[in-house]
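Input: a single structure, listed below in structure tokens.
The values are calculated or read from the model by the stated rules, or taken from the named source; none is laboratory data. Owing to the predicted nature of the structure, the values given are computational and were not obtained by experimental measurement. Glycine also receives a Cβ, built like all others from the backbone with ideal geometry; neighbour counts cover every protein chain displayed.
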Amino acid sequence: MKEKTEKLIKWSQSNKMLINCNKTKEMIIGKPKSDNIQLLQIDGRQIERVSRFKILGLQLSDNVPWDRNVEYICNKIKSHPSYISSNSLNGLAYHQTT
């Protein structure tokens, strides 16, 4: 893992991109091979390991379910009355959009 981290740092430096360690998160997706996985560090700063987070409107989690994502998107749609009324004009009832 250390080699991949070093490769990422080198790539970001050569592309003049700064890694913001305060915003960077680490997530292990799926069942890890070992329970003793070392915490990720970049430039001596420990990166927060999370089990879920939101990025670009997607709810990601380490066990890869999509139910939170679907629920989130449905709630967003329900909160926009113009979407519901425009669909009802197109022959869709409200319950068909949930």
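What the table below lists for this structure:
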item	result
Filtered residues of region 25-40 (kept if touching a residue at least 24 places away in the same chain (Cβ under 8 Å) and closer than 21 Å to Ile55 by Cβ)	Lys25, Glu26, Met27, Ile28, Ile29, Gly30, Leu40
Cross-chain or 6+ apart pairs with Cβ under 9 Å, region 46-62 first and at positive phi and not assigned by TED's automatic domain parsing to the domain that holds Lys23, then modelled with pLDDT under 85 and surrounded by 13 or more Cβ atoms within 10 Å (Cβ to Cβ)	Gly57/Asn69; Gly57/Tyr72; Gly57/Ile73
Breaking point among (1) modelled with pLDDT of 60 or more; (2) on the phi > 0 side of the Ramachandran plot, for Val70	(2)
Region 41-65 - residue that is touching a helix residue (DSSP H, G or I) at 6+ places or on another chain (Cβ under 9 Å) and among the charged types (D, E, K, R) and, of those, nearest to Lys23 (Cα to Cα)	Lys54
Matching residues, region 1-19, being surrounded by 10 or more Cβ atoms within 10 Å (Cβ to Cβ) and of a type in the set (S, T, N, Q)	Thr5, Ser12, Gln13
